[in-house]
Amino acid sequence: MNVKYSLEGKTALVTGAGRGGRGIGRGIALALAEAGVDVCITSRSTLADAEAVAEAVRELGRKGVAVQCDVADAASVESLFEQALAGLGKIDILVNNAGITRDGLLLRMTEEAWDSVLDSNLKGAFLCTRAAAKIMVKQRSGRIINITSVMGQIGNPGQANYSASKAGLIGFTRTVARELGARGITVNAVAPGFIDTNMTDALPENLREGILAKIPLGRFGSPEDVGAAVTFLASEAASYITGQTLTVDGGMIV
Ligand code: NDP
């Protein structure tokens, strides 16, 4: 492998394993592990989800650590970073992947649905990024990658809370990239389109067909597609890229 694409000896913290250890978090953790990274993965409801992904990382010959954490809770995030550092020794890469949807049309959206999505998707990324930045500034190097969404770029009826949180992440990415650039830290976002996960399994068949018709590459994405983009942004090959959003959507919003 071209040495610029290798992540041998690096460590990563990836939030949000996905229900049943499925999902984009798993795809990212395994893509990083294949490139040589030791990975700490988190889940919120049950440690079992993160443990399933950590086990898959270990099967690839890398260190895999699982931690239960609510990224919207400052004390929980503090404990996460203590456990991740104890397990991995350092944190070179942070991937803010944890996220939820609580869809509903604006006129019927409750304050609770708004707050819970903004808390998990945006405040969670803020808390984790702040904690990681303290470590990375001392190391004078680091990679922070925020998983946003094409819905943060184009909007989507029924997702005012979700699209606002994901658009917020793009602004957050640009600002933190400006703040931390001089410290050797890059900050970028990846914006997936429709990816086959638990989140999209719930879509009715007619809606799936309608979405597929709008994707030039003719298929939904996979967690591996997102993992590949994250791995590139985490690598030395992407060392002159910061503040950017890389869209991984099969051409859906070109
Ligand atoms: P999943 O629902 O499968 O996984 C999301 C994970 O995030 C779950 O493990 C969930 O834990 C965790 N999580 C949510 N909120 C919190 C929290 N407050 N603290 C800690 N963990 C939390 O989703 P996907 O894998 O599909 O999505 C992963 C990311 O990709 C999300 O940010 C999503 O918005 C984004 N994305 C997904 C797309 C898709 O098509 N699937 C498209 C574009 C973006 P728990 O289950 O315990 O709550």
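Structure above, values below:
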{"item": "Counted residues, the stretch 1-54 - those being under 12 Å from Val230 (Cβ atoms) and in contact with an Asp or Glu (Cβ under 7 Å, 6 or more places away or on another chain)", "result": "3"}
{"item": "In the stretch 159-175, residue surrounded by the fewest Cβ atoms within 10 Å (Cβ to Cβ) [restricted to those that are over 15 Å from the mean Cα position of the chain (by Cα) and of a type in the set (S, T, N, Q)]", "result": "Thr175"}
{"item": "The stretch 46-94: number of residues that are farther than 16 Å from Gly16 by Cα, away from the ligand (no atom under 13 Å from the Cβ), among the aliphatic types (A, V, I, L, M) and assigned to a helix (DSSP H, G or I)", "result": "3"}
{"item": "Pairs, first within 16 Å of the ligand (Cβ to nearest atom) and part of a loop (DSSP other than H, G, I, E, B) in the stretch 1-25, second of a type in the set (Ser, Thr, Tyr) and modelled with pLDDT of 95 or more, C-beta under 8 Å, six or more apart", "result": "Thr15/Thr42; Gly16/Thr42; Gly16/Ser43; Ala17/Thr42; Ala17/Ser43; Gly18/Ser43"}
{"item": "Residue match in the stretch 169-185 (condition: farther than 29 Å from Ile135 by Cα, assigned to a helix (DSSP H, G or I) and out of contact with any strand residue (DSSP E or B) (no Cβ under 6 Å at 6 or more places or on another chain))", "result": "no"}
{"item": "Single condition Pro216 does not satisfy, out of (1) modelled with pLDDT of 95 or more; (2) outside any helix (DSSP H, G or I); (3) within 12 Å of the ligand (Cβ to nearest atom)", "result": "(3)"}
{"item": "Only listed residue being surrounded by fewer than 17 Cβ atoms within 10 Å (Cβ to Cβ), within 11 Å of the ligand (Cβ to nearest atom) and free of Cβ contacts under 8 Å to residues at least 24 places away in the same chain, chosen from Asn198, Asn156", "result": "Asn156"}
{"item": "In the stretch 182-211, the residues that are among the aliphatic types (A, V, I, L, M), at pLDDT 95 or above and within 21 Å of Gln153 (Cα to Cα)", "result": "Val187, Ala189, Val190, Ala191, Ile195"}
{"item": "The stretch 223-254, residues that are assigned to a loop (DSSP other than H, G, I, E, B), among the hydroxyl-bearing types (Ser, Thr, Tyr) and in contact with a helix residue (DSSP H, G or I) (Cβ under 7 Å, 6 or more places away or on another chain)", "result": "Ser235, Thr242"}
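The values are calculated or read from the model by the stated rules, or taken from the named source; none is laboratory data. These figures come from a predicted structure and were not determined experimentally. Here the Cβ is made from the backbone with ideal geometry for all residues, glycine too, and neighbour counts use every protein chain on show.
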